[in-house]
Each structure stands twice: as C-alpha cells, then as structure tokens.
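The values are calculated or read from the model by the stated rules, or taken from the named source; none is laboratory data. Bear in mind that the values here come from a model prediction, so they are computed numbers and not experimental data. Cβ: placed from backbone, ideal geometry, glycine included. Neighbour counts: every protein chain shown. Side chains are part of the model used for accessible areas, which takes the heavy atoms of the whole protein and leaves out ligands, DNA and RNA. Shrake-Rupley method; radii C 1.70, N 1.55, O 1.52, S 1.80 Å.
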Amino acid sequence: MARRKNYKRRRIILKNTFYLIRKNGMENVSFQMIAEKSGISKSLLQSYYPHKVKLTDDVVRNILNTLDKQVNRFNQTSDGTVGARTKAFLYTIAMLGIYDEGLKRIINEVFSSNDTLDNWSSMIEEWVRENQIFDEDYFNPHEVEYGIAFVITGIGRLYYNNNTQFNLSAEQLADYATSSLMYSFLHCTPDEINQALKKGHEIIASTDIKEIHHAIDTMFDDDKDIVC
C-alpha cells in the first residue's frame, strides 16, 4: 500500500512539475511552486526528490520514453534499423519544439548550457542502456557513449541557434545528427547510412505529430506507466 501511495504521489509531483516548467521554464520553477501545485509541503516534496535536477530529469526521461514508444508505433519497417529509429526520434524532438512553445522552452533550456548538455547526454546514455537501443554485441558501448555525447552537443547547438543563425528543417537536423553518429562512431558505410536515412524518412512520413503531442500531454495520466 505504501509503495502504491508513493508511486501515486510521484506521478502527481511529476505531472505538476511538467506543467510548471512547460509554462515558466526550468529556471523559473522552484520547489515551493511545485509543492504548492501538488498540495504538499516543500519538505515532503524533498523527501521524494532531494534535488531539483533529479526531478526535472525524471520529467525529461518520461518524455523520452513516450517519444520512443510513439516512434516505434509508427515504425512500419520490418528490420527496425537503429539509424532509421534514431533519425525519426531526433526529428520528432525537433518537431515537437516547433509545434509546442512550452516543449520548445524545455528543449531550448536543456540545450542552453554545457552543464545541461552534459546532464542530457548522461541521461540519454542511461536511457539507451535501459532500453537496449544499441546491441552491445554489435556496437562498441564506449563508442556509442562517445557518439551520443558528440551528437547531443552538436544537434543541441544547431537546434538552439537554428532560428537566429541557421535555417535547417527538423529533418535536416535529424539527418546531420544521425549521419555523424553512424559514420564516426558506429562505423557504418555510406550505403548503410543512406539506407537508414531513407527508412527514417519513411517512418517520419507515417507519423502524426498531433498524436505524439497528445501522448506527451497525457503521459502522466493515471492509466499510463511512468518512470520515477
């Protein structure tokens, strides 16, 4: 019973944190604001999440899990190449930032400094291991780790500065990041990369951003499995 109660309360905390940072930005949301929105004391909130970074990490991790499930749902390719899946995943992140100002605010803040980029890279690496995105029997796990850090930093800067310095589409951002990862760190051939980008485009063509956006909106509803 206690575990169920804790899980229910964490869901409420995460849901309210997501609402607040989406509306105000991560830097403008305090523990006190989250506690008041969740109907609990600040000290009780900190018994669940002693540090704000762990709380915001859990919010972002649930976004990642939801996006991954949605991309896989739209993936009609039989072999499910990791490159195609990577391209579609990165494209979807970029498109959500275009589609929703609140999500764009979160993504921009994640990509706005070296500290948040390092934290984002570490979280992605852990999430990749948990979900077995890359087969360790086929790819070198250390090079996957280096590649993720490199790609996240690169696409992060491109995304953050895209409106002022560049004029790249969401698919172009995803193509650059996926190609860099596959060529430099996964040691794929140009033909393998081109094939993955083509299959990634097929996944993208079948996606419905409105459906994915709705899945993000409702990811902390009572009937959804969450990471906490």
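Across region 25-35, not a single residue is classified as closer than 30 Å to residue 201 by Cβ, of a type in the set (A, V, I, L, M, F, W, C) and surrounded by 17 or more Cβ atoms within 10 Å (Cβ to Cβ).
Name every residue in region 19-39 that is among the β-branched types (Val, Ile, Thr) and at pLDDT 95 or above, in order of residue number. It would help to see each step written out before you state the result.
Of all residues in region 19-39, those among the β-branched types (Val, Ile, Thr) come to 21, 29, 34.
34 - this is the single residue of region 19-39 that is among the β-branched types (Val, Ile, Thr) and at pLDDT 95 or above.
Among residues of region 5-19 that are open to solvent by 70 Å² or more (accessible area, probe 1.4 Å), those with a Cβ under 8 angstrom from a residue that is assigned to a helix (DSSP H, G or I) and not basic (Lys, Arg), sequence gap 6+ or separate chain, pair up as 12/38. Looking across region 43-53, the residues that are modelled with pLDDT of 90 or more, of a type outside the set (Ser, Thr, Tyr) and exposed (fewer than 14 other Cβ atoms within 10 Å of the Cβ) come down to 44, 50. The residue pairs whose first member lies in region 156-172 and is open to solvent by 100 Å² or more (accessible area, probe 1.4 Å), whose second member is assigned to a helix (DSSP H, G or I), and whose beta carbons are closer than 8 Å, counting only pairs six or more residues apart or on different chains, are 160/108.
Kindly state which helices (runs of 4 or more DSSP H) lie completely within region 150-222 and contain at least 2 residues that are of a type outside the set (Lys, Arg) and over 25 Å from residue 18 (Cβ atoms).
Details: elements: 170-180, 190-206, 209-217.
Qualifying helices (runs of 4 or more DSSP H): 170-180, 190-206.
Residues that are within 26 Å of residue 100 (Cβ to Cβ), basic (Lys, Arg), at pLDDT below 90 and assigned to a helix (DSSP H, G or I): does region 117-132 have at least one? Scanning region 117-132, I find no residue that is within 26 Å of residue 100 (Cβ to Cβ), basic (Lys, Arg), at pLDDT below 90 and assigned to a helix (DSSP H, G or I), so the answer is no.
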